């Protein structure tokens, strides 16, 4: 599955913001402000320049997101089925062969996220690459070929809900980001937001 001659700009980027925001008191995490700017906008500022098209996966607040210029798509699977539902929706919504995903609560994702995932994915027979920060896999920072859509739909029908659970069935290439481990810091709670603002964004 050699992709050396393809332009990474011919990718779709998808920001995953479809969760319940339980650790944010039920608030839509992508709209939570960090130093006055929504988290989803911060991720867009990082991911947008790396792709040709950008989509936001969200299950509520579509009007608010649209005010920030987002193209919003809601899960194809009912009932907040987790990040895999967002991956499936992103693959179904994209018009490109390759789709790169990022969570809405990781505002400092690497500016070369796509480039490194792109290089790594050549080592995957199945067409999927995941970032590794040197300590653990960053499952939601991944590049996925649209041919994996039917298998993912079946996994969800079989009640697979975790990224690791689905990817354990695939030949996943690993992209090394051990030199940028802090870039994948995610803000899960109000306390995380407050600490980030105290440190300076």
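Readers should treat all values here as calculations from the given coordinates under stated rules, not as data from a laboratory. Just so you know, these numbers come straight off a predicted model, no measurement behind them. FYI the Cβ positions are ideal-geometry reconstructions off the backbone, even for glycines, and counts take in every protein chain you see.
On a 0 to 90 degree scale, rounded to 10, what angle separates helix 83-93 from the longest Cα axis of the chain?
Between the helix axis and the principal axis of the chain, the angle is about 70 degrees.
Considering only the chain, what is the antiparallel percent among its DSSP beta bridges, to the nearest 5? Write down the numbers at each step before the final one.
Numbers: 11 of 29 bridges.
Antiparallel bridges: around 40 percent, rounded to the nearest 5.
Order by neighbour count: 74, 66, fewest other Cβ atoms within 10 Å first, most last.
Details: 74 16, 66 12.
Result, fewest neighbours first: 66, 74.
When only Cα pairs under 8 Å and 6 or more residues apart are kept, what is the percent relative contact order across the chain?
Numbers: 394 pairs, mean separation 49.1, N = 201.
Once divided by the residue count of the chain, the mean separation gives 24 percent.
If you rank 80, 65 by fewest surrounding Cβ atoms within 10 Å, what's the result? Mind dumping the intermediate values first?
Numbers: 80 13, 65 22.
Listed from fewest to most nearby Cβ atoms, that is 80, 65.
Give me the angle, in degrees from 0 to 90, between the Cα long axis of helix 190-199 and the longest principal axis of the Cα atoms of the chain, rounded to the nearest 10.
So the inclination is approximately 80 degrees.
Write down, largest first, the equivalent ellipsoid semi-axes of the chain in whole Å, where each equals the square root of 5 times an eigenvalue of the alpha-carbon gyration tensor.
Details: eigenvalues 121, 76, 53 Å².
Over the Cα atoms of the chain, the ellipsoid semi-axes are 25, 20, 16 Å.
What value, in deg cm²/dmol to 500, does the helix sum -39500 (n - 2.57) over DSSP H runs of n ≥ 4 give at 222 nm once divided by the residues of the chain?
Values: 7 runs with 58 residues, N = 201.
The helix-only estimate for the chain comes to -8000 deg cm²/dmol at 222 nm.
GNM on the chain, C-alpha springs below 10 Å: top fluctuator among 139, 108, 166?
Looking only at 139, 108, 166, the biggest GNM fluctuation is shown by 166.
Could you list 32, 15 in order of exposure, starting from the residue whose Cβ has the fewest other Cβ atoms within 10 Å? Don't skip to the end; give the middle numbers.
On the way: 32 21, 15 30.
With the sparsest Cβ surroundings first, the list reads 32, 15.
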